[in-house]
Structure formats: structure tokens, C-alpha cells
1. Taking residue 204 as the residue in question, decide whether it is surrounded by 13 or more Cβ atoms within 10 Å (Cβ to Cβ), at pLDDT 75 or above and touching a strand residue (DSSP E or B) at 6+ places or on another chain (Cβ under 6 Å).
2. Restricting attention to region 173-194, report how many residues are within 15 Å of residue 268 (Cα to Cα) and either surrounded by fewer than 23 Cβ atoms within 10 Å (Cβ to Cβ) or touching a helix residue (DSSP H, G or I) at 6+ places or on another chain (Cβ under 6 Å) (or both).
3. Just one of (1) at pLDDT 95 or above; (2) in a loop (DSSP other than H, G, I, E, B) trips up residue 140, so point out which.
4. Taking region 64-88, which residues are buried (at least 20 other Cβ atoms within 10 Å of the Cβ), more than 18 Å from residue 333 (Cα to Cα) and within 22 Å of the chain's Cα centre (by Cα)?
5. Right, residue 133: farther than 29 Å from residue 38 by Cβ, part of a helix (DSSP H, G or I) and either touching a residue at least 12 places away in the same chain (Cβ under 8 Å) or in contact with a helix residue (DSSP H, G or I) (Cβ under 7 Å, 6 or more places away or on another chain) (or both) or not?
6. Among what's in region 167-188 and is in a helix (DSSP H, G or I) and within 20 Å of residue 288 (Cα to Cα), pick the residue that is nearest to the chain's Cα centre (by Cα).
7. Condition test on residue 319, is it out of contact with any strand residue (DSSP E or B) (no Cβ under 7 Å at 6 or more places or on another chain) and surrounded by 20 or more Cβ atoms within 10 Å (Cβ to Cβ)?
């Protein structure tokens, strides 16, 4: 018997696509009835730090975590000085994983993060450019060490890749749908978009690992068109400090009736739509993989501000109350963590049945 959710999801999405984007404003993020047990999160740079914060806060809600160009969970411990001197460069010394472990234990005692058991079941992918001059490569290795200490069987759950000669950003492979070369950085420099024209499909490589796909599954067929819609939505329902007013959602044709799973994709500093338009949300390679493997991709957007001029995700505590001595940005109580999880909840809710 066909679930009543499926036609309802199609109607919701049809209305979403048809909604006017100018005079009457953007549509709200829809309820699509997405599958709840196979969600993943992937992020680069500040988005990588935030992706790990989400997965540690709510490990029971995520099957997979992929981090590109970022260091250990909670590295900054709520201090901008430490973020700059120990979690981007290491001029203040490497992050002390034992201190971070104690921080995690304290949070767990107060139920501010998920259980050790839930975290141990995660699949994880960590990538770092060996020539990264923005976030030191040693920090990616430190994250891999940290994750290995949490996972039940790291040999089969964790993959760590360091690409020699590659700088800071998100490597992409050339496709018919790729942006002009002028919008890309080379493998050593991020350029204006931090998408690196390295002919390396990091999105496909990471997603295939997270979702345990067979060899070759990370190579979607080359095509001039993409079987799906990139939708623009109003983030107003989730408004918190540091979030932009608008976000993006990629829905493959196969997912228009609902029932697919979700990947949350978090851009890095300087990579939001406010700064580079739709370059990241269209050309990361995630949409091609998602269309081939029936996954919806959510692209939340951060905004620039005086406190956050590069439009980074909050991995050091800027979005929390100024009176907090110890900001809880890296917990379930974190301002941006709550907002992002509310987006995930919305997409996984069943749509209202048609009247």
C-alpha cells in the first residue's frame, strides 16, 4: 500500500518550486518526510568544525560525518585567541586532545552532547590538503586521532586522506556543469571561492565512504544537465545570530515524492552565497552524487557581520551571549547547532496530507 506521505511530499515540493521568489518572498523550508536513520553532515573549514559539533552533539541523528580542512572537535574551547593560534595555525602549540576529552566528558555528564555509544557507531571521513596554509595539516591528523579514539572499530569506520600539494578548500573534478576556471582556485590557492580545480572529486569520495558504497559508486555519469532542482528558501524560521536570511536545498527528481535521506552541507568561511553567489551550492560535486544516489542536500547559509566578517560558522562561540564565560556553541544548547538541527527536523517531518 502506498504511503500517503509520498504524494503529499510531491505536492509540497511542486508548490515550493512554483513559489515566487521576488515580490512575495522566498518559500519556507518544506516538510519532505525524509528518512531519519541515514542522515550525514559534511563541511569544509569552519563548516568542518561545525559539522563535527553537530555530530558530537547529536550522534544518534547522524550516520556519517565528513570534514575537509578542519581540526579537532571543540578545538577553540570558546576562545578566539585559541581558535587563531591553536586551531588554524599551531603557533600556540597543538591542541591538547586530553583536555578536549575532559571537556566532552563534562558535557556528557550534563547531557549537552550525545552518548559515547551513539558516537561510537559513526562513519567518518577526514580530508586535509598537505599544502594547506590556512588550517595546518597537523590539525586534520589530530581530528582523525580524536575520532579514532571515539569509534568502535576505527579501521572500518574512519578514513583519513591527506592530499600532497593541495591547499585550503574543497577540491572538485571538472564536469560539463563545472563553473568557469576563473571561479576556481588552483590546487594550491583557494582563490575567490575556495573551490579547488584539482580534478579530485572530494564530494563523491567522501559520500561514497560515509554511505558504504561499492567502488565506482562515487563516479556519477557525466551529463550537461542535473536531474533535480536547486531550491532557494527563507531561513527566517531558524533565525539566530550568524545565519543568513536565505538557504538552499537540492532535491533530486527521484526524491520529489519523499522517502530519501538527507545530507547537510556546510560551507566554509568566505564561501557563503553572500560572498560567492551560488558557486558552492551548485558546483561542490555533492548535487551530482546526490542525484545519482537519491539524497537531498541542505545548504544552510551563514552571514557576515562585524563579529564574523568572513561569514564563518560558529566554532569558537561568537554567536552565544556575551555574558557567558564558557559559551556552549559546541553543545546541543549552541545557538547555531539548535538552528541547524531544527532545519533537519523540518525536512524529516511528514508533509501535511493534501486536503
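The values are calculated or read from the model by the stated rules, or taken from the named source; none is laboratory data. Everything quoted here is computed from the prediction, not taken from an experiment. Don't worry about glycine lacking a Cβ; one is built from the backbone with ideal geometry, like all the others, and counts go over all protein chains shown.
1. Numbers: surrounded by 13 or more Cβ atoms within 10 Å (Cβ to Cβ): yes; at pLDDT 75 or above: yes; touching a strand residue (DSSP E or B) at 6+ places or on another chain (Cβ under 6 Å): no.
No.
2. 5
3. (2) is the only condition that residue 140 fails.
4. 64, 65, 66, 67, 68, 69, 70, 71, 72, 83, 87, 88
5. Details: farther than 29 Å from residue 38 by Cβ: yes; part of a helix (DSSP H, G or I): no; either touching a residue at least 12 places away in the same chain (Cβ under 8 Å) or in contact with a helix residue (DSSP H, G or I) (Cβ under 7 Å, 6 or more places away or on another chain) (or both): yes.
Judged against the criteria, residue 133 is not a match.
6. Initial filter on region 167-188 (in a helix (DSSP H, G or I)): 181-183.
Next, only the ones that are within 20 Å of residue 288 (Cα to Cα) stay: 181, 183.
Numbers: 181: 24, 183: 21 Å.
Per the stated criteria, the residue is 183.
7. Working: out of contact with any strand residue (DSSP E or B) (no Cβ under 7 Å at 6 or more places or on another chain): yes; surrounded by 20 or more Cβ atoms within 10 Å (Cβ to Cβ): yes.
It is true that residue 319 is out of contact with any strand residue (DSSP E or B) (no Cβ under 7 Å at 6 or more places or on another chain) and surrounded by 20 or more Cβ atoms within 10 Å (Cβ to Cβ).
Here is a yes/no grid of residues against (1) farther than 21 Å from residue 25 by Cα; (2) in contact with a strand residue (DSSP E or B) (Cβ under 8 Å, 6 or more places away or on another chain); (3) part of a helix (DSSP H, G or I):
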| site | (1), (2), (3) |
| --- | --- |
| 230 | no, yes, no |
| 270 | yes, no, no |
| 297 | yes, yes, no |
| 305 | yes, no, no |
